[in-house]
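Quick note: the coordinates plus some simple rules give every number you see, no bench work behind them. Note that the coordinates shown come from a computational prediction; the quantities given were computed from them, not determined experimentally. Here the Cβ is made from the backbone with ideal geometry for all residues, glycine too, and neighbour counts use every protein chain on show.
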């Protein structure tokens, strides 16, 4: 296995949501999940985070089973605990309940050999906001090319 560990991004998140705040969380992994993540075999599609019983969990985060693993490979879409301080969890819980926001995983990366997830406190965009994002992105592309 090489020293390079890929960064896995949730590309759709910034299009679907307006990110208000971001923070870093550790992720509790079991068995061969670490090896699969180091190979970049994971997907954020449809995943979200939620506070449940005073703990922060990530749901629908797909980590493909490790090929050289055995029958003890865990379920690819199981819920996984995110490691965050209690005070931070309480603050997030209150913010999400009060303002009707969501917690969306944005990126998985490696820091000092540990898997970290960047989670964003987000508000869903309306259709016209999405159109505005597309328009702004195409204008930036055209200005870089010098076509405008």
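Quick check for you: which residues of region 37-78 have the amide N under 11 Å from the point 7 Å beyond the Cα of residue 96 toward its beta carbon? Counting only backbone N, you get 48-59. Here semi-axes √(5λ) of the Cα gyration tensor in Å was computed from the coordinates, and among (i) 25, 18, 15; (ii) 74, 16, 15; (iii) 29, 23, 13 the match is (iii). Based on DSSP H segments of at least four residues, each scored -39500 (n - 2.57), the chain has a per-residue ellipticity at 222 nm of -8500 deg cm²/dmol. Relative to the longest principal axis of the Cα atoms of the chain, the long axis of helix 86-99 makes an angle of roughly 40 degrees. Ranked by the mean number of other Cβ atoms within 10 Å of their residues, highest first, the peptides 98-109, 59-70 fall in the order 98-109, 59-70. Each of the peptides 45-56, 132-143 was scored by the mean count of other Cβ atoms within 10 Å over its residues; in descending order, highest first, they stand as 45-56, 132-143. For the chain, take the longest principal axis of its alpha carbons; what is the angle in degrees between that and the long axis of helix 127-145, to the nearest 10 within 0 to 90? Result, in degrees: 80.
Once the chain from residue 60 to residue 145 is taken as fully extended at 0.36 nm per residue, the excess over their C-alpha distance is 26.7 nm.
Give the peptides 27-34, 89-96 in descending order of average Cβ contacts within 10 Å, highest first.
Details: 27-34: 16.9, 89-96: 15.1.
For the peptides 27-34, 89-96, the packing ranking is 27-34, 89-96.
Placing pseudo-labels 7 Å out from each Cα toward the beta carbon at residue 135 and residue 30 gives an inter-label distance of 5.0 nm. Simple spin-label estimate for residue 43 and residue 77 gives 1.0 nm between the two label positions (7 Å along the Cα-to-Cβ direction from each Cα).
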